[in-house]
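Asker: Dropping a structure here in structure tokens format, bear with me for questions.
Nothing in this text is a laboratory measurement; each read-out follows from the coordinates by a stated rule. Note that the structure is a prediction, hence the values are computed from the model and not measured. Virtual Cβ from ideal backbone geometry, glycine too; neighbours counted across all protein chains shown.
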Amino acid sequence: MVKLGVNIDHVATLREARKTRVPDPIEAARICEKAGCDSIVAHLREDRRHIKDDDMVALRKSVKTLLNMEMSIAGDIVAFACKLKPDQATLVPERRQEVTTEGGLDVKGNFSRVKKAVSKLEDRGIRVSLFINPVRHQIDASISAGARIIELHTGEYANALSAASAKRELTIIRDATAYALTRGLEVNAGHGLDYNNVKDIAKIKGMHELNIGHSIISRSIFFGLYASVIEMKGIIR
Ligand code: PXP
């Protein structure tokens, strides 16, 4: 079965709206795991707008499934990850002004910096995934940079304005998955996936894991986090 990684950043976003202690992302991770998620994803952004260093340390101690740290390739963030030792690091592009991660990492354009970050993390025993757009040259560059895992950006698919363009984007993701699998990579996907659009992505042959945040945390406000994770797992299944 395709695995589910739950991104808990937006629990911390709500906490930071009041700069207080609640809701606690560590408690959120516990509930997600109880509900059967396969990994916990948290993005330590350079501006620390939601998840903080202390959250990452506490997550490292409490997460019982797998901790997937989303991160940029900035030197201090890479150094932090090397000390923290999450089970996995997912390298993403990061711009201060963006609301969320926009587009995949340009592995080809930042090749030597990405390769250096991959090798530092892998040397510490951290599995590295590269978050990329579903295009062959980025897949090839990811392999050359030493990655064993990629996460395909599903934003274009999720934001498609018509059924025809969603179908087109789905085909692109499906083809990219098939290509990456032939090249020996583990393939994950994420960004913008929700309770309606996840089904077709989950059906892609060979897909390993889907990383989902905003839609699950949003739904949890009305139906509870435990129920929202179970529902997403059910749809994926
Ligand atoms: N995967 C990656 C690499 C991301 O950057 C994000 C957004 O933080 C997600 C998955 C989850 O996206 P969403 O919150 O839209 O589900």
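Asker: Can you grab the distance from the C-alpha centre of segment 186-218 to the C-alpha centre of segment 23-97, Å, no decimals?
Answerer: Centre-to-centre distance over Cα atoms comes out at 19 Å.
Asker: Translational diffusion coefficient of segment 136-234 at 37 °C, 0.692 mPa s, Stokes-Einstein with Kirkwood Rh over Cα pairs, in µm²/s as a whole number.
Answerer: Translational diffusion coefficient: 230 µm²/s.
Asker: Now for a different question. Which links in K85/K199; K64/K120; K167/K233 stretch past 26 Å when you go from one Cα to the other?
Answerer: Over 26 Å apart, Cα to Cα: K85/K199.
Asker: In a Debye calculation with equal point scatterers on the alpha-carbon sites of the chain and no solvent, what is log10 I(q)/I(0) at q = 0.15, 0.18 Å⁻¹?
Answerer: Each listed q maps to, in turn, -1.00, -1.46.
Asker: Using helices alone, I'd like the mean residue ellipticity at 222 nm for the chain: each DSSP H run of four-plus residues gives -39500 (n - 2.57), total over residue count, nearest 500.
Answerer: -14000 deg cm²/dmol
Asker: Let me know the charge dipole size of the chain about its Cα centre in debye, to the nearest 20, where only the beta-carbon of Lys, Arg (+1) and Asp, Glu (-1) is charged.
Answerer: Values: 37 positive and 30 negative charges, 68 e Å.
The calculated dipole for the chain is roughly 320 debye.
Asker: Work out which GluC sites (Glu not before Pro) in the chain are exposed loop sites (DSSP not H, G, I, E or B, at most 16 other Cβ within 10 Å) and give the longest gap free of them.
Answerer: The reported range is 103-237.
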